[in-house]
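The values are calculated or read from the model by the stated rules, or taken from the named source; none is laboratory data. Bear in mind that the values here come from a model prediction, so they are computed numbers and not experimental data. Cβ placement follows ideal geometry from the backbone for every residue including glycine, while neighbour counts extend to all protein chains displayed. Just the protein is used for accessible areas: all its heavy atoms, side chains included, with ligands, DNA and RNA removed. Shrake-Rupley method; radii C 1.70, N 1.55, O 1.52, S 1.80 Å.
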Amino acid sequence: MTVAAAALDVVGLTRCFGSRMAVRDVGFALERGEKLAIIGPNGAGKTTLLSMLAGVLVPTSGAINRAVERPCGWVPQQQAVYSKLSVAENLRLFARLERLADPDAAVARMLAQTGLEDRAQEQVGRLSGGNQQRVNVAIGLLADPAVLLLDEPTASLDPRQRARLWELISALAGEGRCVLYSTHAVTEAERYADRVLVLGDGEQLFLGTPTELEEVVAGDLAPSAIAPPGPSDGPAGDFETAFVQFLRARGH
Amino acid sequence: MRWLLVKDLQILRRSPLQAGVLVVYPIAIALMIGFALSSPPGRPTVAIYSGIPTSKVIHLGSTRVDVGSLAEQLFTSVRPLREPSPEAAIAQVRDGHALAALIIPDDLTSEIESLVTSGTGTPTVQVVLNGSNPLERQFAEQALQSRIAQAEQALSKLVLKVALGDLQVVLGGGSVNLLNRQIPLLGLQRSRTILGAQIATHPGDAALRRALGQVVNFANLAIDGLTFAGPVLGSIGTPVTVQQTVVAGRSTPTDSYAVAIAAVVSLMFVALLLAAGLLALEGSEHAYPRLVRGLVAPEALLAEKILLASACAAAVTLVMAAIVSSFVSLDWGRFELWVVSIALAGLAFGSLGVALGGLAREVAGASLLAFLCSLPVAFVALVPSTSVSGGVEDVLKVVSFVFPFKAGLDAVSNAFSGTPTGIVLPLLHLVVLTVVYAAGARLALRRFAAA
Ligand SMILES: Nc1ncnc2c1ncn2[C@@H]1O[C@H](COP(=O)(O)OP(=O)(O)O)[C@@H](O)[C@H]1O
Ligand SMILES: [Mg+2]
């Protein structure tokens, strides 16, 4: 059974806020080591979906099955760190709350992995936004989770910091972890994801590889009477354009 | 929960301004109260009109009464403003120059004379108080009341003394003053002796002897009775002497009540602001969702905040009470009750604090809410219910019941000085409020998670 082999299996996940459906009937299965990018416009339901997977929000309906009964690692969109504590104190606090066998070793490991060793004693509130985000990510990774959830992890980072973070994420996936992340930068989805899940107004519009998404867009355009600007044949020039055209064709 | 406590203490240590204010504020209140109570109490200004000259002396029978000095007794505990007429004295009160007016009418001496000689006079002094400020009114009332009571006692002693003198004359003979005329009286004892002699001179008249014998028997009975009554009346005339002892560092229950107010105000500020701020911080830092994802139960988080806030508040308040106790004598023998009542009141305030913090969800809003909430609640609990009308009184009662201030004040003031109302009920009240507010905070946390 393929479902049982999946590291993460999501079925019919739905969440309503009052009468508003923030996420509607989302379903997918991830293998170990797979990277899934969740993309969609603002308010599409990315944070709501990741929060349900993280166990922060209770789904209105649907099921989440994990191969390993361990909580996912979660890096929330809004940095959840204590600005009055130092980097090391933040990590140590959460390591202890996670009841890790050796909190100090976990702290040292995360400091090394995120390159924050020489900032360990600094108060988080005094760090740059990029470094604060690294602490935020490090806390999510502390418990060495089998599934890692990151909500717009690169939003506050400069290009060099982004590259470093993707390096880290790819390395984690290479060790067999599932990685799910949402992003605004769709080019990051194309470059660093095995598959993309497109959300629009809470609906799952697409699930497949970036190449498949581009093919769908090309298919959308073929029967169209009006020739698109740019190259007259073949798929859209870049992934971002394809993504925007994909959404526009579906009224988003 | 231990690591959360450590974390919050670290955060507090790194917020020296906030932590400092929370410690310095109650200590400053303590010192202020201490100095206010240890400085000599001011004497209220009282406008006085006296219709009798200060040297006026009246004679009641053989007794000489210095009415002027009796009236002067009333002035010793106030700062007197002499006024030429009752109207002028009342005007001083109305204009706010005096807290009260004391009017001694011209007919006071004649009323006293009439009371003593015929038992019908009503010697009256009039006290006019300014009703606009209940606290000041109480102050003036207290200053005058004890003096009036003294004057009353002196007067009643006088009346009894005169009555006893007359009784003596009735028994032993002499003269009494009736309507300014000296009237000689034979006296019961001498009357009996004369009668006895009369009986002896009429041995043959059996009927007369029997009749006179009955009169003598009656006289004997009356003499016995009145001789016995004399000392009894005399003992009433000198009631128990009131021995006044003034101890350095005044120690009236009012003082320890004032200290209890200061203690509960400090306790309230520290516990409320800390609990509200620390819980709201978890929202401001967006840490709450991360914590309740299986790391910490929401109930444990609330308990941690309540415990930390009430422990800090109780510690600061106990230090404050210890400082104040060098100005005002508090009952150190009841120290366990101090701890229990301050701890339970701290828990109730902490619990209210987390409820406010849960509602506000971010630090600045939570602090503001806690501050806005505490002032009126303290104020309302301190308004004497007798000074407001029925409808308002009911509202005040409800507010005092629903917020922990009144119960905390009752418990702490009892702990400090042992008021007769008892401490068990206020303590129970505090426990109930703690539970209710904690439950409210738990509900507020639901919104916290969704944010
Ligand atoms: N706690 C909440 N209460 C009510 N509505 C919410 C709440 N959280 C999100 N929403 C709504 O759900 C929709 C999806 O939000 P979100 O998941 O944050 O979108 P995204 O992360 O893709 O920008 C939005 O319309 C948002 O207004
Ligand atoms: Mg989002």
Taking the stretch B:195-217 and keeping residues part of a helix (DSSP H, G or I) and either in contact with a helix residue (DSSP H, G or I) (Cβ under 9 Å, 6 or more places away or on another chain) or surrounded by 13 or more Cβ atoms within 10 Å (Cβ to Cβ) (or both) leaves B:LEU195, B:GLY196, B:GLN198, B:ILE199, B:LEU208, B:ARG209, B:LEU212, B:GLY213, B:VAL215, B:VAL216
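Return the residues of the stretch B:274-326 that are part of a loop (DSSP other than H, G, I, E, B) and more than 14 Å from chain A (Cβ to nearest Cβ); say none if nothing qualifies.
Keep residues of the stretch B:274-326 that are part of a loop (DSSP other than H, G, I, E, B), which gives B:285-287, B:293-297, B:325-326.
Within the stretch B:274-326, B:SER325, B:SER326 meet the criteria.
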Going through the stretch A:65-103 one residue at a time, which ones are more than 12 Å from chain B (Cβ to nearest Cβ) and either of a type in the set (Lys, Arg) or closer than 16 Å to A:ALA22 by Cβ (or both)? A:ARG66
With the first residue restricted to the stretch B:7-34 and required to be within 14 Å of another protein chain (Cβ to nearest Cβ), and the second required to be in a loop (DSSP other than H, G, I, E, B) and open to solvent by 40 Å² or more (accessible area, probe 1.4 Å), Cβ contacts under 8 Å at 6 or more apart or on different chains are B:GLN10/A:LYS84; B:ILE11/A:LYS84; B:ARG14/A:LYS84; B:SER15/A:LYS84
Among the residues of the stretch B:265-286, are any over 39 Å from the mean Cα position of the chain (by Cα), modelled with pLDDT of 65 or more and surrounded by fewer than 22 Cβ atoms within 10 Å (Cβ to Cβ)? yes
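Residues that are modelled with pLDDT under 75 and not aliphatic (A, V, I, L, M): list the helices (runs of 4 or more DSSP H) wholly contained in the stretch B:1-100 that include at least 3 such residues.
Details: elements: B:2-13, B:16-38, B:67-73, B:86-94.
So the answer is B:16-38, B:67-73.
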Residue check for A:LEU50: within 15 Å of ligand 1 (Cβ to nearest atom) and either open to solvent by 50 Å² or more (accessible area, probe 1.4 Å) or modelled with pLDDT of 95 or more (or both): yes
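Is it the case, given these coordinates, that A:ASN65 is away from ligand 1 (no atom under 16 Å from the Cβ) and polar (S, T, N, Q)?
Yes, satisfied.
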Given the conditions (1) within 14 Å of chain B (Cβ to nearest Cβ); (2) surrounded by 20 or more Cβ atoms within 10 Å (Cβ to Cβ); (3) away from ligand 1 (no atom under 16 Å from the Cβ), every one holds for A:VAL179 apart from (1)
Given (1) farther than 28 Å from A:ALA171 by Cβ; (2) within 16 Å of ligand 2 (Cβ to nearest atom), index of the condition A:ALA54 fails: (1)
Here are some conditions: (1) crowded, with 20+ Cβ neighbours inside 10 Å; (2) under 30 Å from A:GLU214 (Cβ atoms); (3) among the polar types (S, T, N, Q). A:THR187 meets all but one. Which one does it not meet? (1)
Options A:ARG119, A:ARG134: the member that is more than 13 Å from chain B (Cβ to nearest Cβ), under 24 Å from B:LEU281 (Cβ atoms) and buried (at least 23 other Cβ atoms within 10 Å of the Cβ): A:ARG134
Can you name the residue in the stretch A:23-43 that is within 10 Å of ligand 2 (Cβ to nearest atom) and touching a Ser or Thr at 6+ places or on another chain (Cβ under 9 Å) and is also nearest to A:PRO210 (Cα to Cα) among such residues? A:ILE38
Odd one out for A:LEU165, checked against (1) at pLDDT 85 or above; (2) open to solvent by less than 40 Å² (accessible area, probe 1.4 Å); (3) closer than 22 Å to A:THR48 by Cβ: (3)
The condition of being open to solvent by 30 Å² or more (accessible area, probe 1.4 Å), in contact with a helix residue (DSSP H, G or I) (Cβ under 7 Å, 6 or more places away or on another chain) and either within 16 Å of ligand 2 (Cβ to nearest atom) or more than 14 Å from chain B (Cβ to nearest Cβ) (or both) holds, among A:ARG15, A:ARG20, only for A:ARG15
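For the stretch A:25-46, which residues satisfy the criterion of being within 11 Å of ligand 1 (Cβ to nearest atom) and surrounded by fewer than 23 Cβ atoms within 10 Å (Cβ to Cβ)? Outline the logic, then answer.
Quick first cut of the stretch A:25-46, residues within 11 Å of ligand 1 (Cβ to nearest atom) only: A:38-46.
Passing the criteria: A:PRO41, A:ASN42, A:GLY43.
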Which is away from ligand 2 (no atom under 16 Å from the Cβ) and open to solvent by 10 Å² or more (accessible area, probe 1.4 Å), of A:LEU91, A:LEU85, A:LEU127? A:LEU127
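So how many residues does the stretch A:68-82 have that are away from ligand 1 (no atom under 16 Å from the Cβ), over 13 Å from the mean Cα position of the chain (by Cα) and crowded, with 20+ Cβ neighbours inside 10 Å? Show your work before the answer.
From the stretch A:68-82, those away from ligand 1 (no atom under 16 Å from the Cβ) are A:68-73, A:81-82; that's our starting set.
Narrowing the set further to residues that are over 13 Å from the mean Cα position of the chain (by Cα) leaves A:68-71, A:81-82.
If we keep only those that are crowded, with 20+ Cβ neighbours inside 10 Å as well, we get A:81-82.
The total comes to 2.
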Quick one: A:GLN113 ticks every box in (1) open to solvent by 10 Å² or more (accessible area, probe 1.4 Å); (2) within 9 Å of another protein chain (Cβ to nearest Cβ); (3) under 21 Å from the mean Cα position of the chain (by Cα) except a single one, so which number is it? (2)
How many of the residues in the stretch A:158-202 are away from ligand 2 (no atom under 16 Å from the Cβ) and in a loop (DSSP other than H, G, I, E, B)? 6
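Restricting the stretch A:57-67 to residues that are open to solvent by 60 Å² or more (accessible area, probe 1.4 Å) and not basic (Lys, Arg), which is farthest from ligand 2 (Cβ to nearest atom)?
Looking only at the stretch A:57-67, we keep the residues that are open to solvent by 60 Å² or more (accessible area, probe 1.4 Å), and these are A:58, A:60, A:65-67.
Among the residues that remain, those that are also not basic (Lys, Arg) are: A:58, A:60, A:65, A:67.
Numbers: A:VAL58: 18, A:THR60: 18, A:ASN65: 24, A:ALA67: 27 Å.
By that ranking, first place goes to A:ALA67.
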Any idea how many residues of the stretch A:147-173 are more than 21 Å from A:ALA80 (Cα to Cα) and of a type in the set (A, V, I, L, M, F, W, C)? 4
